[in-house]
Every structure is written in C-alpha cells, then in structure tokens.
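The values are calculated or read from the model by the stated rules, or taken from the named source; none is laboratory data. Bear in mind that the values here come from a model prediction, so they are computed numbers and not experimental data. In this analysis, Cβ positions are derived from the backbone assuming ideal geometry, glycine residues included, and neighbour counts consider all displayed protein chains. Keep in mind that these areas ignore ligands, DNA and RNA; they rest on the heavy atoms of the full protein, side chains included. Shrake-Rupley method; radii C 1.70, N 1.55, O 1.52, S 1.80 Å.
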Amino acid sequence: FQANVYCILLCKILRIKVIVRSNTSPSGWSQNSLKKQFYKRILGLADKMMVNSLKFKKQLKFNFNLNAECIYNPLNVNEIKKLSKIKINEKFFNNKDLKILNIGRFTDQKDHLTLLKAINFLKNKIKLRLIIIGEGQNENIIKNYIINNKLEKIVKIKNFTKNPFPYIKKADLFILSSLYEGLPNVLLEALALNKFIISSNCPTGPSEILDNNKGGLLFKISDYEDLAKKILFFRSNKFDCLKKIKHAKKRLHRFDYNKNLKKYLIFLKTELN
C-alpha cells in the first residue's frame with residue numbers, strides 16, 4: 001500500500017493512468033487529521049481506486065470522501081486443499097490437546113500479545129497447544145512473554161513458511177488477533193480447510209467473512225478475556241460451532257478465484273479503455 005503514494009505522484013507527472021488497489025483498513029494508516037488530509041489529497045489524484053471489502057469501501061467514503069470499487073481477494077480452494085495434503089513432521093500437534101493456530105507477521109498490527117494473554121489465562125483451565133507461524137520486528141517481545149509466563153511447553157513459534165496449509169489442516173481452531181486488516185486471506189484459507197475461526201472484530205474484513213458471528217466467533221479488539229471465553233465456548237459447543245463452519249463455507253462463493261479475477265479484468269478494461 002505504501003508505494004501507492006509514490007506511484008500516484010509519478011504517474012501524474014508522466015501523465016499515465018493509475019489505478020490504486022488498497023488492501024489495509026484506514027484504521028491502520030490514518031491515525032491523525034494531518035495523515036487523513038494527506039492521503040485524501042494523494043489518493044484523490046488516482047483515476048480509480050479498488051479495495052477488498054465492503055466495509056473498507058464505506059470507510060474510504062465516510063472518512064475521505066473517496067469512491068472505490070470493492071473486489072474480494074480471489075480464493076483458490078482447490079489449490080489450498082492440494083497443498084494442505086503435503087506431509088509435515090509436526091509432533092507438537094500430535095496429541096489430544098486443543099490445537100490452536102495463528103499465522104501473521106510479528107508486528108503491532110497482529111497483536112500477538114492479546115492471543116498469548118488469553119492462552120496464559122487458560123493454561124490451567126484446559127489442555128491446549130498453540131503454534132504461531134511468522135517472523136518480524138516483535139519476535140523478541142513475543143518470545144520473552146512466552147518465557148516469562150512459562151508457556152514454552154504449550155506455545156511454539158515457527159518461522160514463516162510458503163506453505164502453511166498442512167499446519168492449518170492439523171489445527172482444531174484458527175485465531176486472528178489483529179488490530180486492523182483489509183480482508184485477511186488467512187481466514188479464507190482456514191475456512192477452505194473447514195477450520196473454525198475466532199477473530200478480533202477489527203476493521204475491516206473479519207466480520208464480513210464470518211457474517212457477523214454466523215460463520216465463526218468475533219471478540220473485542222485487544223480483549224484477551226473475551227478471546228478466552230470464545231475459546232472455551234468452542235471447546236464446549238462443538239455442534240453449534242460446526243453449524244457456523246457450514247454457514248461460512250456456504251458463503252465462500254463470494255471469494256471464488258475465477259469470479260473475482262474476472263471482476264479485476266473487467267474493471268481494468270473499463271478504466272483503461
């Protein structure tokens with residue numbers, strides 16, 4: 001996203017048409033009035049804007065008076081299922097404990113500490129295991145929290161992998177703890193593999209993907225106790241959660257690979273002709 005500013009300015013200097021695709025909610029990059037005015041002016045110079053969720057589109061209109069086209073991220077379910085069948089040697093998940101997975105960069109945006117606080121809160125209440133896949137600037141902060149709270153036996157950090165799908169397949173539960181998103185692909189990928197999702201109700205994407213709790217569970221941003229309650233609900237209400245998974249799966253057609261790629265093509269042809 002950050003490159004859009006330079007791209008727009010360069011294209012205007014060279015008199016080239018420019019279409020901007022933004023994929024992260026303004027909640028993450030317009031924290032003050034100065035930034036809002038800056039982005040409003042620069043983004044307003046683009047010939048057209050594209051975003052990846054309907055709530056994102058509404059945010060741009062309400063906060064910046066900018067119009068954008070919403071085209072969902074293309075989801076290739078068949079490819080995900082194929083890659084998920086590749087065998088991995090992950091003994092950490094080979095037990096009867098509740099197996100939880102999180103995937104995301106180690107940054108403030110992903111708010112891993114809220115997830116770890118929930119795990120710490122539950123560690124003496126239920127048997128569980130958590131794998132976090134990722135890397136980034138907050139890695140030492142995350143590792144120090146794990147060590148200081150003696151979570152080494154139930155929490156494992158794994159470096160980023162190009163194929164996380166076998167890990168998703170092995171998990172019982174996928175959790176997203178972000179402060180903001182756009183339309184998180186990882187939630188779509190987890191649903192493609194029939195996994196139950198608990199996500200922060202962050203702007204934007206999760207509530208849209210999960211149909212406002214009909215296809216999963218949403219917790220308050222940065223509220224580890226609310227997250228812990230949702231984990232306990234999943235553990236004790238498997239039948240109700242199975243119904244939510246089925247609902248979410250039925251709604252995955254919105255993100256179909258071929259459907260949304262065609263929308264991209266039509267959008268580009270219309271604007272560039």
Need one word for region 10-139: rounded, prolate or oblate. Basis is the Cα gyration tensor (sqrt eigenvalues a ≥ b ≥ c); a/c below 1.5 gives rounded, then a/b vs b/c decides. prolate
Quick one: 3J(HN,Hα) in Hz for region 203-209, Karplus 6.51/-1.76/1.60 with θ = phi - 60°, rounded, Gly and Pro as x. x, 10, x, x, 5, 6, 5
For region 5-11, 3J(HN,Hα) per residue [Karplus equation, 6.51 cos²θ - 1.76 cosθ + 1.60, θ = phi - 60°, Hz, x = Gly/Pro]: 4, 5, 4, 4, 4, 5, 5
Order 183-191, 224-232 from most to least packed using the mean count of other Cβ atoms within 10 Å. 183-191, 224-232
For a quick protection proxy, order the peptides 35-46, 70-81 by their average other-Cβ count within 10 Å, most packed first. 70-81, 35-46
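State whether the chain is rounded, prolate or oblate according to the following rule on the C-alpha gyration tensor (a ≥ b ≥ c being the square roots of its eigenvalues): a/c under 1.5 gives rounded; otherwise a/b larger than b/c gives prolate, and the remaining case gives oblate. Mind showing how you got there, number by number?
Numbers: a/c = 2.02, a/b = 1.65, b/c = 1.23.
Prolate, since a/c reaches 1.5 and a/b exceeds b/c.
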With all protein chains present and a 1.4 Å probe, how do ASP256, ASP211 order by accessible area, largest first? ASP256, ASP211
May I ask you to give the solvent-accessible area per residue for the chain, in square angstrom, as obtained with a 1.4 angstrom probe? 53 Å²
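With all protein chains present and a 1.4 Å probe, how do THR114, THR270 order by accessible area, largest first?
THR270, THR114
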Based on the alpha-carbon gyration tensor of region 78-176 and its eigenvalue square roots a ≥ b ≥ c, which shape applies: rounded if a/c is under 1.5, prolate if not and a/b is larger than b/c, or oblate? oblate
Using the Karplus equation 6.51 cos²θ - 1.76 cosθ + 1.60 (θ = phi - 60°), what ³J(HN,Hα) coupling, rounded to whole Hz, does each residue of region 132-138 give in order, writing x for Gly and Pro? 10, 9, x, 7, x, 5, 9
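Could you work out [θ]222 nm for the chain from helices alone, using -39500 (n - 2.57) per DSSP H run of at least four and dividing by all its residues? Round to the nearest 500 deg cm²/dmol.
Result for the chain: -13500 deg cm²/dmol, rounded to the nearest 500.
State to the nearest 20 debye the size of the charge dipole of region 132-229 about its Cα centre, where the only charges are +1 on K and R beta carbons and -1 on D and E beta carbons.
For region 132-229, the charge dipole is close to 440 debye.
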Quick one: which of 258-267, 172-181 comes out on top by average Cβ neighbours within 10 Å, and what's the full order, highest first? 172-181, 258-267
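If you restrict to DSSP beta bridges whose two residues both lie in region 79-170, what percentage is antiparallel, to the nearest 5?
Percentage antiparallel, nearest 5: 0.
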